[in-house]
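The values are calculated or read from the model by the stated rules, or taken from the named source; none is laboratory data. Note that this is a predicted model, so its numbers are computed, not measured. In this analysis, Cβ positions are derived from the backbone assuming ideal geometry, glycine residues included, and neighbour counts consider all displayed protein chains. Heads up: the accessible areas ignore ligands, DNA and RNA and are worked out on the full protein's heavy atoms, side chains in. Shrake-Rupley method; radii C 1.70, N 1.55, O 1.52, S 1.80 Å.
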Amino acid sequence: MHFLYWFLAAAASVAAGVVVYRADVRRSVPQPWLTALLRSLLVFLTLLLILAPSLKVTHNDTVKPVIVFLQDNSQSVRPALGGDSAAYISQREALLERLGKTYRVVRWGFGDHIQPDTLSPFTLSATDISKALLQATERFGQQNLSAIILATDGRYNQGADPLYMDLPFQGSMYTVAIGDTAAQKDVRIGRVYANKVVTRNSQFEVRADLIAQRCAGYKGSVRLREDVAEVAASVPLSVVSDHYDRSVTFTVRAGRPGIHHYIIEAAAADGEQNLINNRKDVFVEVIEEKKHILLAAHAPHPDVYALREALQDLGEYDLTVKTGDQVPADFGKVEVVILHGLPSQQESLRQLPSARAVWFIVAGGTNSAALNEAAQVSGLNVNPFNLQPQFARPNASFNAFSLPQNLQAVMDKMPPLASPAGRSQAAPDAMVLFESKGSEAQPLWMMRGGLRPEALLLGEGLWRWRLFEYRFFGNHNVIDEAIRKTVGLLAAQVNDKPFRVETSKFVWSDQEPISFSGWLLNQSNEQVNTPDVQLTLSDSSGSKQSYVLERSGNIYHLNIGSRAQGSYHYVATVTYNGRRFEDRGRFVVRCLPLEQLETGADYAMLYHLSGQYSGHVFPASGFNALGDSILANQNIRPVIQSSTESLPLIHWKWYFILLLLLAAAEWLLRKYWLAQ
């Protein structure tokens, strides 16, 4: 189209020039070709302004490749470098200067947060590799990000596993391995498993994973004690290899109601330097009565039997199973309701809000419209009358509660769930335990807290999972624990008291601020915060401090800052409508240097991470080889970005001046020549 405009303007200007030339020849103008040329140019530029009022101009910009250097700035790096830290820093700076001549180099230090342009000193208290990688790709992904250099010992103690992250990154990732893979002599307590809530006078188990490295011949014990009291139980331990792990179990009887603080300790090995990880703190709340659990099903189903088998032997629950027309019209004072196939086409469950916590299990024939109205944990667009096989896999970012270490191995053997066809979307505050396999993963098993905690399992087939786990592993431990922990999470969040003040966790570091949150419920079970809440905090020496909780929305909140190491108790009181309410709690503050909980470098993770993104691993002394590899990488090259800009002719003042000059020149020349 623009070519046509140019052609029409050129043709018209030539025609105008010819007409003027012939007329001036008849008038005996001395230089008719000059006046004809001026007329042609004037007509041509005027027609361009009419036919093509703007011109498109293309700009080509060359964008250098971006290389992000991520330096682990945590406290574990300096001892890993040892006496070579000065040489390491010197070689690193030489590499960055060398790369800076050809590429755009970005320097980031990281630990528990990002430090732009700060590659030392190594003082941060935690390591989050996944966060650093994600922020680098998000910020520079659209700026020709071609390579990431990750310098670390491979140990992380915050965030997700970097190997299971889906980074939007198409470049190469190079890793600089810092430290020695040879682990130091170390005995440590790993994960601890215990019920959060138990009933008074019941027995419960506290189980801990114990890991020993380079401690062959060690003979000691693992002890359990409550607070600072004498040892309540002890398990002898004999280590027979340099790589040793086992689980130890303690059976405890629940005493007086309240929150109990248990301490698990492993005796130190001879020559062990790191004693921080030899201890773990566990808190268990003892209540007077059992929690009432109702398992309601639209019809008899093998899944109902599987759920009953997993829950019926737990001392803290009173389980009732109802199916078909036996499902009660009102759930009464039940704390947790498990609904299998409900709401159905025949029963909409309008009385559902009276339940305190609900676990929805979608089966064939579930009323999806009624379920969408009742459930807040997920948005569903499914057809429960069309069940399709969906294989499940654990969600790597799930952290609501801990599951056995062999979870992945068990799930790899599991058959698919019979899940309704369609799509599901977890709520923003929902936590996904299992999701479907495939490129477009959808949540299958999810849960959320709130005034009415909820969970959702999208499909049938728990009974098959228990059968297959027993076939391949000889027990039902993993599947039963997933069921129990889901019910336990729902039961633990039930607001069984009208007034409650709590901390988000029981074990705090002496470097982090401690916060409290609380709520007060009126007779309609609505949150209110009109009266003042007083809180008295006592430490282990008996010293007390008083606070008034701040109001935030319709709840209470208080941040008291960091505290010194020790054990703390608190009492919160409020008076509302003439009644006085009280809530008590406790927590401990420990000096928890996360960087010392694990020692040694994890080269295996670095090799896998580089392999996923077409990179290589280099030792801390191999910066020259790293620079050669990057410079030789043909995929790291500049990118030419083209941009087209439309320039309106009407905005060009000089364009109109030119038109005026051409018209004036022709008129003056003709007047001058004809006057002679």
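Numbers at a glance
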read-out	value
Residues within the range 163-193 that are crowded, with 18+ Cβ neighbours inside 10 Å and touching a strand residue (DSSP E or B) at 6+ places or on another chain (Cβ under 8 Å), tallied	15
Gln345 being open to solvent by 70 Å² or more (accessible area, probe 1.4 Å) and modelled with pLDDT of 75 or more	no
Residue check for Trp445: closer than 14 Å to Leu307 by Cβ and either without any contact (Cβ under 8 Å) to a residue 24 or more places away in the chain or open to solvent by 50 Å² or more (accessible area, probe 1.4 Å) (or both)	no
Hits in the range 73-94 (condition: more than 23 Å from Ile114 (Cβ to Cβ) and touching a Ser or Thr at 6+ places or on another chain (Cβ under 8 Å))	Asp84, Ala87, Gln91
Residue check, Leu606 crowded, with 19+ Cβ neighbours inside 10 Å and either closer than 19 Å to Pro498 by Cβ or not hydroxyl-bearing (Ser, Thr, Tyr) (or both)	yes
The range 298-331, subset of a type in the set (Gly, Ala, Ser) and under 35 Å from the mean Cα position of the chain (by Cα), residue most open to solvent (accessible area, probe 1.4 Å)	Gly315
Residue within the range 126-137 that is within 18 Å of Phe618 (Cα to Cα) and touching a strand residue (DSSP E or B) at 6+ places or on another chain (Cβ under 9 Å) present	yes
Search result, residues across the range 551-578 that are among the hydroxyl-bearing types (Ser, Thr, Tyr) and assigned to a strand (DSSP E or B)	Ser552, Tyr556, Ser567, Tyr568, Tyr570, Thr573, Thr575, Tyr576
The range 369-400, subset over 16 Å from Arg423 (Cα atoms) and of a type in the set (A, V, I, L, M, F, W, C), residue surrounded by the fewest Cβ atoms within 10 Å (Cβ to Cβ)	Ala396
Matching residues in the range 438-464 - criterion: being at pLDDT 90 or above, within 13 Å of Pro389 (Cβ to Cβ) and not acidic (Asp, Glu)	Leu444, Leu458, Gly459, Gly461, Arg464
Residue, nearest to Ser247 (Cα to Cα), within the range 188-204, restricted to residues that are charged (D, E, K, R) and within 31 Å of the chain's Cα centre (by Cα)	Arg191
Yes/no for Val286 being in a helix (DSSP H, G or I) and either under 30 Å from Ile189 (Cβ atoms) or open to solvent by less than 70 Å² (accessible area, probe 1.4 Å) (or both)	no
Matching residues, the range 470-512, being within 22 Å of the chain's Cα centre (by Cα), of a type in the set (D, E, K, R) and surrounded by 18 or more Cβ atoms within 10 Å (Cβ to Cβ)	Lys485
Where Leu387 falls short, out of the listed (1) closer than 24 Å to Val337 by Cβ; (2) touching an Asp or Glu at 6+ places or on another chain (Cβ under 8 Å); (3) part of a helix (DSSP H, G or I)	(3)
Only one of Arg584, Arg551, Arg580, Arg563 that is in contact (Cβ under 8 Å) with a residue 60 or more places away in the chain and basic (Lys, Arg)	Arg584
Residue ID - nearest to Ala212 (Cα to Cα), chosen from residues in the range 261-277 that are under 34 Å from the mean Cα position of the chain (by Cα) and modelled with pLDDT of 85 or more	Ala266
Near pairs, Cβ below 6 angstrom, 6+ apart or cross-chain, from the range 522-547 (acidic (Asp, Glu)) to any residue that is in a strand (DSSP E or B)	Asp532/Val548; Asp539/Gly566; Asp539/Tyr568
Which numbered condition Arg225 fails, given (1) surrounded by fewer than 19 Cβ atoms within 10 Å (Cβ to Cβ); (2) within 21 Å of Asn406 (Cβ to Cβ); (3) of a type outside the set (Val, Ile, Thr)	(2)
Helices (runs of 4 or more DSSP H) wholly inside the range 77-143 containing at least 1 residues that are within 29 Å of Gln184 (Cβ to Cβ), among the aliphatic types (A, V, I, L, M) and open to solvent by less than 20 Å² (accessible area, probe 1.4 Å)	77-81, 129-140
Complete set of residues in the range 423-436 that are assigned to a strand (DSSP E or B), of a type outside the set (Ser, Thr, Tyr) and touching a Pro at 6+ places or on another chain (Cβ under 9 Å)	Gln425, Ala426, Val432, Leu433, Phe434, Glu435
Test: residue in the range 553-563 that is under 30 Å from Ile67 (Cβ atoms), modelled with pLDDT under 90 and open to solvent by 30 Å² or more (accessible area, probe 1.4 Å)	no
Exclusive hit being closer than 24 Å to Trp463 by Cβ, touching a residue at least 40 places away in the same chain (Cβ under 8 Å) and in contact with a strand residue (DSSP E or B) (Cβ under 7 Å, 6 or more places away or on another chain), set Leu319, Leu311	Leu311
Residues located in the range 13-35, provided they are aliphatic (A, V, I, L, M) and farther than 18 Å from Leu658 by Cβ	Val14, Ala15, Val18, Val19, Val20, Ala23, Val25, Val29
Count - residues of the range 401-414 that are open to solvent by less than 20 Å² (accessible area, probe 1.4 Å) and over 19 Å from Asp209 (Cβ atoms)	2
Options Leu631, Leu674: the member that is touching a residue at least 12 places away in the same chain (Cβ under 8 Å), closer than 29 Å to Leu145 by Cα, open to solvent by 60 Å² or more (accessible area, probe 1.4 Å) and assigned to a helix (DSSP H, G or I)	Leu631
Within the range 169-273, strands (runs of 3 or more DSSP E) holding 3 or more residues that are under 30 Å from Asp84 (Cβ atoms)	172-177, 186-194, 203-213
Tyr613 touching a strand residue (DSSP E or B) at 6+ places or on another chain (Cβ under 8 Å) and open to solvent by less than 20 Å² (accessible area, probe 1.4 Å)	no
Test: residue in the range 53-62 that is among the acidic types (Asp, Glu), farther than 17 Å from Thr152 by Cα and open to solvent by less than 20 Å² (accessible area, probe 1.4 Å)	no
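Yes/no matrix, rows are residues, columns are (1) within 14 Å of Ala665 (Cβ to Cβ); (2) part of a helix (DSSP H, G or I):
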residue	(1), (2)
Trp6	no, yes
Ala11	no, yes
Val18	no, yes
Ala23	no, yes
Ser28	no, no
Leu34	yes, yes
Leu38	yes, yes
Leu42	yes, yes
Leu48	no, yes
